[in-house]
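Notes for the one structure printed next.
The values are calculated or read from the model by the stated rules, or taken from the named source; none is laboratory data. Quantities reported herein were computed from a predicted structural model and do not represent experimental measurements. All Cβ positions, even for glycine, are placed from backbone atoms using ideal geometry, and neighbour counts span all protein chains on display. Areas reflect the complete protein model, heavy atoms only, side chains present, ligands, DNA and RNA absent. Shrake-Rupley method; radii C 1.70, N 1.55, O 1.52, S 1.80 Å.
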Amino acid sequence: MRILLINHFPLTGSGSGVYTENIANSLENLGHDVCVIFPDNVKINDYKFKTHPIYFKYKENIKGSLPFNFPCFTTHPRSSQTFYNLTEKQLELYKTTFQKAIEEEIKTFKPDVIHAGHIWLLADIASNYNIPLIITAHGTDLIGYNKIDKFKGILD
């Protein structure tokens, strides 16, 4: 089976990112093909599964990175940016960049199933394709879902 994992957090430094990396490794060990789309602001290339990082501005200058740091629900060791303080322009750039990555992997990786790591923006985007979708809620996304009106209606 070909499984596309999508997460709002890097695979290091956050609980759901580590969770996603462990799922990807376990699925690979079981013989599945895995691709993970995730944000990051440093280059890490030692994963045994296919990765599709979306880079954000931080300390190092990574070509093609988005011009702001990756947003979180609360904080991350490498980012204090939150979804709640993104400008409308930044939020739109975030969504369109991840949508483009998801569409690219649907076209090239051809997943049988998508697993979204949160009930949030990426799961909402992935729900628009005719591919089975599994969503895991971690708690902070539920808080974020209800925190600000502009995020209400996601995955209703």
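Residue 30 falls short on exactly one of the conditions (1) modelled with pLDDT of 90 or more; (2) touching an Asp or Glu at 6+ places or on another chain (Cβ under 7 Å), and that condition is (2).
Would it be correct to say that residue 90 is open to solvent by 60 Å² or more (accessible area, probe 1.4 Å) and modelled with pLDDT of 95 or more? No; evaluated as a whole, the condition is false for this residue.
Any residue at all in the stretch 110-124 that is open to solvent by 20 Å² or more (accessible area, probe 1.4 Å), of a type in the set (A, V, I, L, M, F, W, C), at pLDDT below 95 and closer than 24 Å to residue 15 by Cβ? The answer is yes, given that some residue of the stretch 110-124 is open to solvent by 20 Å² or more (accessible area, probe 1.4 Å), of a type in the set (A, V, I, L, M, F, W, C), at pLDDT below 95 and closer than 24 Å to residue 15 by Cβ.
Considering only residues in the stretch 31-68 that are touching a Ser or Thr at 6+ places or on another chain (Cβ under 6 Å) and open to solvent by 30 Å² or more (accessible area, probe 1.4 Å), the one that is nearest to residue 109 (Cα to Cα) turns out to be 55. Within the stretch 28-49, work out how many residues are in contact with a Phe, Trp or Tyr (Cβ under 7 Å, 6 or more places away or on another chain) and charged (D, E, K, R). The total comes to 2. Within the stretch 24-38, residues that are without any contact (Cβ under 8 Å) to a residue 60 or more places away in the chain reach partners that are in a strand (DSSP E or B) and open to solvent by 60 Å² or more (accessible area, probe 1.4 Å) with beta carbons closer than 7 Å, at six or more positions or on different chains, in the pairs 34/50. Can you report the number of residues in the stretch 47-74 which are among the polar types (S, T, N, Q) and touching a helix residue (DSSP H, G or I) at 6+ places or on another chain (Cβ under 8 Å)? Going through the stretch 47-74 one residue at a time, the tally reaches 1.
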